[in-house]
1. How big is the gap, in Å, between the Cα center of region B:123-200 and the Cα center of region A:74-96?
2. Over chain B, what lengths in whole Å, largest first, do the semi-axes of the equivalent ellipsoid take, defined as the square roots of 5 times the eigenvalues of the alpha-carbon gyration tensor?
3. Considering only protein heavy atoms, what is the solvent-accessible area of B:Thr119 at a probe of 1.4 Å, reported in Å² to the nearest 10?
4. How large is the charge dipole for region B:5-197, taken about the Cα centre, if only the Cβ atoms of Lys, Arg (+1) and Asp, Glu (-1) carry charge, to the nearest 20 debye?
5. Heavy atoms of the protein only, probe of 1.4 Å, neighbouring chains included. What is the accessible area of A:Lys105 in Å², nearest 10?
6. Excluding residues on the same chain fewer than 8 positions from B:Lys46, give the lysines whose Cα lies under 30 Å from its Cα.
7. Using a 1.4 Å probe on the protein heavy atoms, what percent of the accessible area of region B:125-199 belongs to carbon and sulfur?
8. Suppose every K and R has +1 on its Cβ and every D and E has -1 on its Cβ; what is the size of the dipole of the protein assembly as shown about the Cα centre, in Debye to the nearest 20?
Protein chains: 2
Amino acid sequence: MKAPIDFYFDFSSPYGYFGSLEIDKLAARYERQVNWHPVLLGPVFKAVGTAPLVTIPMKGDYSRHDMQRTARFHNMLFTPPSNFPIGSQVAARAMLWLQEQLPDKAVPFARTIYSAYFTEDIDISQTDKVVGIAADLGVDRVALATALGEQDIKDKLKQAIDSAMERGVFGSPFVIVDGEAFWGFDRFTQLDAFLKNGKI
Amino acid sequence: MKAPIDFYFDFSSPYGYFGSLEIDKLAARYERQVNWHPVLLGPVFKAVGTAPLVTIPMKGDYSRHDMQRTARFHNMLFTPPSNFPIGSQVAARAMLWLQEQLPDKAVPFARTIYSAYFTEDIDISQTDKVVGIAADLGVDRVALATALGEQDIKDKLKQAIDSAMERGVFGSPFVIVDGEAFWGFDRFTQLDAFLKNGKI
């Protein structure tokens, strides 16, 4: 049994979104499962001493252009969100809760959140939007909303981020498999080669 | 007549080195010339508020590994220099001087500098090493050494960096062609598609 692929991402990360469109297909080609790990880049950037790309002088304009060009290049749907970047903690907590309570719904939820934010310009920093998306997938609205208000799920996300950082995760998407780390959607080609050949 | 490709790079940048191995072949496929622009990332990073990858927490170890993996993936020679990163101002100034005085020697010089640093672990921050490499290419050792000591060439490099930053250059390699900018060796695939199709 081959080890699963750990796929780390922030719901506010366009390159994480691009990665989410490819990771399961890539894994399936090499008979791997994917463990989806929502994280927040805020605390990570703080530790690394960096900031969201679009807020950095010079890199900002370039990266806004690059996201759109990269989407076109790979034939991926992408509409730049009007509110960007955003805090994605509600969506991340909701996903952690689903992974515990309704694991079959967790990945479909992640896909729908990403699609809502990056193709329909729905502001997924809003709790009602997140709960609404989960409800459309058949999740109990009240149960989720209640869980999102509790300390337990906030602690769980914090722990998840700490664990990710302990493993060296510092960006989104970030993939770890068989001890090998790949940062960025750019590295999916090398990830593919690694999964194919067992080395690179 | 198609416009030339502007190729910006720092002699201390491994990804700039990788780009230097590909840029002329890529350009030739689409009947383009390449203008090679040595710059220093130091002043650029200062403006952008960032730092060399390998000095950043978490990113440092990853990027050292990534450089070697990327070289293997593309079948490029690469030996991590023991002294890295280094100040590359002497090599950059020498190249600017060659571009004025002996333009035919400039690109061979750049290739030899990169190869010396990234495959033979020669510390190209040292003036004697830079002058020696130029001399091996038939450049007058005394004339170059003299020029390197003068204010004029220092000013020229400063101006070259300012011009690059005015055009939005913030990393290495950085390519601009027909108004389209590509940051990083990662983007050579998109650059190729752009040169092929005239759009992306």
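1. For region B:123-200 versus region A:74-96, the Cα centre distance is 37 Å.
2. 24, 21, 17
3. We get 40 Å² for B:Thr119.
4. That gives a dipole near 340 debye.
5. Per-residue accessible area (A:Lys105): approximately 70 Å².
6. A:Lys46, A:Lys59, B:Lys59, B:Lys129, B:Lys154, B:Lys156, B:Lys158
7. Here it works out to 47 percent.
8. Approximately 360 debye in magnitude.
The values are calculated or read from the model by the stated rules, or taken from the named source; none is laboratory data. Quantities reported herein were computed from a predicted structural model and do not represent experimental measurements. Neighbour counts run over all protein chains shown; Cβ positions are idealised from the backbone, glycine included. Heads up: the accessible areas ignore ligands, DNA and RNA and are worked out on the full protein's heavy atoms, side chains in. Shrake-Rupley method; radii C 1.70, N 1.55, O 1.52, S 1.80 Å.
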